[in-house]
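The values are calculated or read from the model by the stated rules, or taken from the named source; none is laboratory data. Computed from a predicted structure; not experimentally measured. Virtual Cβ from ideal backbone geometry, glycine too; neighbours counted across all protein chains shown. Only protein heavy atoms, including side chains, enter the accessible area calculation; ligands, DNA and RNA are left aside. Shrake-Rupley method; radii C 1.70, N 1.55, O 1.52, S 1.80 Å.
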There are 2 protein chains.
Amino acid sequence: MNLVLIESDEVNIAGQVTLADARAVHLLDVLGVTPGTSVRVGLADGPLGTAVVTGVGPRAVSLRCTFEPTPPPRPAIDLLLALPRPKVLRRLWAQLAALGVGQIILTNAARVERNYFDSHVLQPTSYRPLLIEGLQQARDTSVPRVSVHRQFRILVEDRLDALTDARLRLVAHPHSGARLRDTLADRGASPVLLAVGPEGGWNDFELALLESRGFQSIGLGARTLRVDTACVVLLGILREAIEKSSEK
Amino acid sequence: MNLVLIESDEVNIAGQVTLADARAVHLLDVLGVTPGTSVRVGLADGPLGTAVVTGVGPRAVSLRCTFEPTPPPRPAIDLLLALPRPKVLRRLWAQLAALGVGQIILTNAARVERNYFDSHVLQPTSYRPLLIEGLQQARDTSVPRVSVHRQFRILVEDRLDALTDARLRLVAHPHSGARLRDTLADRGASPVLLAVGPEGGWNDFELALLESRGFQSIGLGARTLRVDTACVVLLGILREAIEKSSEK
């Protein structure tokens, strides 16, 4: 935990908050805070800041926070992801938040099993703590927006333009010869929407529909990766390219 | 499973093998093979090939394999990794094999807990099936060599030169300003040794020792990633850079 992320309804107008959950335990047991210790904090979907420990209890820590005037920029990458197996998605939430995505758009696809939609990992009470965990790891405050879509065609044809303003749309496809880096070259730091299919890939209809809506197909070389590994690699490469081009 | 990986002691001189484990179940239940079906195979640390199904039983599949004359090249990336928590390492084995590493050199470090070395995930019987799973996903046959070292200084000072002939040595460090892509630019497809530290990072002594042995420090931007996420991102970026430069 490289940052204590605080929900806006936890902190009062004077910046005071008392934590009595896993965050307090981490502050006490791992960081060993005592009154007067300074710690990095952030407000969920708000600014970063610093806090001074004003009091400690057996499993509680009180903080007085000072926040920066403006929040950090939201990540410039949105992810359109065919709903993975619940076990895989559970592993992904924190990693996606840590890598930095503005939103996670989960969709049905021909190779997605219907019962995946019934999983509790799609409940905000289940995934929000994992997103927060990832943000605390990466020192960010921008909680990815999450939406779940059971009809791929309606999502792509009717909803996507309203959901995201990313100008560059990419679809990962194992058999594509176009490489991510070449496609990104000289594109600058424009927001990106990255589509990643299910295990076994998008089917021909889905791929054609995505391409008809402006998605460019990109591959990752000769090796076929598991969906979660591919997501992490692609987001890592995208982030490096975007950070690099915004440094110019 | 995009490839059936077969151990060399399973197949006879005529290329015949009968599988009666998870591979057979996958062939029958997922791929629905019947006599005459052709499937992709590979020999562990040997060549790729194809096989024809010659017989099926309730939980068994017989194959006749034809292998290519030469094995695929071994991955040009070696990983020096501070031993992660057992739970994290268990998740990593298949992903490392899928991403393609020639060897995995696991080491102690100041921020590695001693009891991690007692975990059964360090037993070949535990990790080899996971490495095989990753290779079957990525259609490769090169099983990463694994070694475990309890003394960081002895490893780095006395053993490393014999273990790996990678000319480019990189150490991932969150606070490094040097970016991986810039460091890789124009380096060509030379073998790479990548060092990734424990959660919390290498300490100053370890970092200095690595740098004294030719490791260049590289970072991944502003976000601090969990060790497993960082490994996957770094190996993904390295692989893309190496494949790209070998296409030139």
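The mean accessible area for residues of region B:26-117, using a 1.4 Å probe and ignoring ligands and nucleic acids, is 43 Å² per residue. Let me make sure I get this right: for region A:115-248, a, b and c are the square roots of the gyration tensor eigenvalues over alpha carbons, sorted descending. Under 1.5 in a/c it's rounded, otherwise prolate if a/b > b/c, else oblate. Which is it? Rounded shape, in that the Cα axes give a/c under 1.5.
Inside 10 Å of the C-beta atoms of B:216-224, what's the mean count of C-beta atoms belonging to other chains? Could you put the intermediate results ahead of the total?
Numbers: counts 0, 0, 0, 0, 5, 9, 7, 14, 8.
Counting Cβ atoms of other protein chains within 10 Å of each residue's Cβ and averaging gives 5.
Leaving ligands and nucleic acids aside, the B/A contact buries around 3200 square angstrom of accessible area in total at a 1.4 Å probe radius. Residue by residue along A:169-175, Cβ atoms of other protein chains within 10 Å of the local Cβ number 0 on average.
Between residue A:1 and residue A:163, the simple spin-label model (points 7 angstrom out along Cα→Cβ) gives 3.2 nm.
Here the protein assembly as shown is assigned +1 on the Cβ of each Lys and Arg and -1 on the Cβ of each Asp and Glu. Its dipole about the Cα centre then comes out at about 80 debye. Within 10 Å of the Cβ of each residue in B:237-243, the mean number of Cβ atoms contributed by other protein chains is 4.
A simple count of charges around residue A:2, restricted to other residues whose Cβ falls under 9 Å of its Cβ and scoring Lys, Arg +1 and Asp, Glu -1, yields +2.
Using square roots of five times the C-alpha gyration tensor eigenvalues, list the equivalent-ellipsoid semi-axes of the protein assembly as shown in whole Å, biggest first.
Values: eigenvalues 295, 170, 101 Å².
Values for the protein assembly as shown, descending: 38, 29, 22 Å.
Ordered from largest to smallest accessible area (heavy atoms of protein chains, 1.4 Å probe), the residues B:158, B:228 come out as B:158, B:228. For chain A, the membrane-span-like helix rule (DSSP H, alpha carbon extent of at least 18 Å along the helix axis, mean Kyte-Doolittle at least 0.5) picks out A:227-247; this says nothing about an actual membrane. Residues in region B:65-74 carry Karplus couplings, in order, of 9, 10, 9, 5, x, 10, x, x, x, 5 Hz; the curve used is 6.51 cos²θ - 1.76 cosθ + 1.60 with θ = phi - 60°, and Gly or Pro positions show x. Net charge in the neighbourhood of residue B:116 (other residues with Cβ under 13 Å of its Cβ; Lys, Arg +1, Asp, Glu -1) is +3.
Just report the Cα centroid separation between region A:138-193 and region A:19-93, whole Å. Centre-to-centre distance over Cα atoms comes out at 27 Å. The charge dipole of region B:18-112, taken about its Cα centre with unit charges on the Cβ atoms of Lys, Arg (+1), Asp and Glu (-1) only, comes to about 420 debye.
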